[in-house]
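Only one structure is covered here, and it is reproduced in the block below.
Just so you know, all these numbers are worked out from the coordinates, no wet-lab data involved. Small disclaimer: the values here were computed from a predicted structure and weren't measured. Ideal geometry is used to build each Cβ from the backbone, glycine not excepted, and the neighbour counts take in all protein chains shown.
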Amino acid sequence: MDDELIDSSSLPLERKSRLPGTGFFYPDSLDEDRAEERAKEAVEGAEAVVITDSDADGLGCVALIREAYDAALDPEPFETRRRAKLDGTDEEDGADDDEDREESPVALLPSGPHSFEEDLGYAAEFLEAGTDVFVCDICPDAFEYIEADLREVVRTAESVRWFDHHQWDEDLAASVRELGVDLVVGESDEECSTDVTLRSLEYEFDERFTELAAVTRDHDLWLKEDPRSHDLADYAYWTGAEEYAAVVGAYGAALPDVAVEYVEHRRVEKELLVEKAVDRAVHHEVGDWTVGVTYGRCSQNEVADALRQDGADAAVIVKPSGSASIRGSEGFERAHEVAGRVNGGGHPKAAGCKPDIYDDMLDYGHHWTTEGATAKRVILRAFEAVAAEAAAEDAADAAE
């Protein structure tokens, strides 16, 4: 296949907004070998290993743990590289390039809900005896999926600590703890995982880390009271995990000028893609809720915010990759219930899913050309099921 066919950088914005990024078209098998190699390089010889979601909240945990271990990376090389990219003096493209950097003795394994089992397996395979292990900002789908690898990690590690704020099933939490894991789960509507890590580590952190946790919480819980949280979220999304952890570890929530300039530069196209998605939105009445549904390659939080301003209680953003984001509001706090019915999960006001409807590339072709029609129908049916449950609960309460 001609590389230009999957390179969306030169596409008109309208077409770019309908298609997934270049990475989507690379087979998982090509990435797996490199992912395994990187995991092995990071884990072997490390003093501690952190397996974490690679968003701002998960990487905030890394910054805290490295500070506690006196293992933070110097942000200067990252800032120099970022400045060179902005000025056009670095010919290499790719904002998430973390190559040719110093390594921290606290290894970072960026992960997420869909790759956690694989990443935990790498830790089980390559971990050296006596290493401390941390898992941050991730809740597994089921204990049986991780039991064997987690048991091996616990057997090998000096200690295993798990800091999270998602909603855990009681049996799942009990099973993890029974293996010897120090699991700390914060209230999902009050704390982010960075908060949980901050209060769980026995270390006197500088004020900048307390502030970092507060600003990270502002975005992760969708409070939207501190404009800096928007910058943190975008910076984490557009840069490599090591760069973000190093920079916020050094500066906290007060990002340096080069980082702010980079975020503002990237937002020009981002805002145009948001406009495309908002223009495509259709509102549906489901039970007592108005649900805004759209499709596009975009920043789901900004799109959801626009749809709420347009009267939606909940927003669904179906992405070209096949996944979808579900965002709630004060009038809708069941996003995780909807997502749970379509192969996903999350928080009451913020959740994600990927409907199990893609059997081959023809299904994806249909997905792109119909702007996610099948995924939209499946998710709306999940909303209808949750609405029926809510109505039944209300009727039961009224009868008491």
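Some points to look at:
- In a fully extended conformation the segment linking E400 and E202 would gain 66.5 nm over its present Cα-Cα distance, using 0.36 nm per residue.
- Net charge dipole size for the chain [Lys, Arg +1 and Asp, Glu -1 on Cβ; Debye, nearest 20]: 1380 debye
- Taking Lys and Arg as +1 and Asp and Glu as -1, the other residues whose beta-carbon sits under 9 Å from that of R297 total +4.
- Sequence-distant residues sharing a close amide H with W162 (under 5 Å, placed H): V135, D182, L183, V184
- Per-residue ellipticity at 222 nm from helix content only, as computed over the chain with -39500 (n - 2.57) for each DSSP H run of at least four residues, stands at -15500 deg cm²/dmol.
- Set of lysines near K349 by C-alpha distance (under 21 Å), chain-local residues within fewer than 8 positions excluded: K224, K319, K376
- Seen from A68, the other residues with C-beta closer than 10 Å to its C-beta sum to a net charge of -3, counting Lys and Arg as +1 and Asp and Glu as -1.
- Among I146, I317, I326, a tally of other beta-carbon atoms within 10 Å of each Cβ gives an order, fewest to most, of I146, I317, I326.
- Using θ = phi - 60° and Karplus 6.51 cos²θ - 1.76 cosθ + 1.60, couplings along region 330-339 (whole Hz; Gly, Pro as x): 4, x, 8, 10, 10, 4, 5, 5, 5, 4
- Size of electric dipole in region 193-245: Cβ of Lys, Arg +1 and of Asp, Glu -1, about Cα centre, debye, nearest 20: 180 debye
- For region 276-353, the square roots a ≥ b ≥ c of the C-alpha gyration tensor eigenvalues yield an a/c of 1.5 or more together with a/b not exceeding b/c, which makes the shape oblate.
- Options [x] 21.2, 71; [y] 20.9, 59; [z] 24.4, 82 - which one matches Rg and Dmax of the Cα atoms in Å as calculated here: [x]
- Note on Y251, Y244: ascending count of other Cβ atoms within 10 Å places them as Y251, Y244, the fewest first.
- Cβ-based exposure ranking for L109, L59, L201, in which fewest neighbours within 10 Å come first: L201, L109, L59
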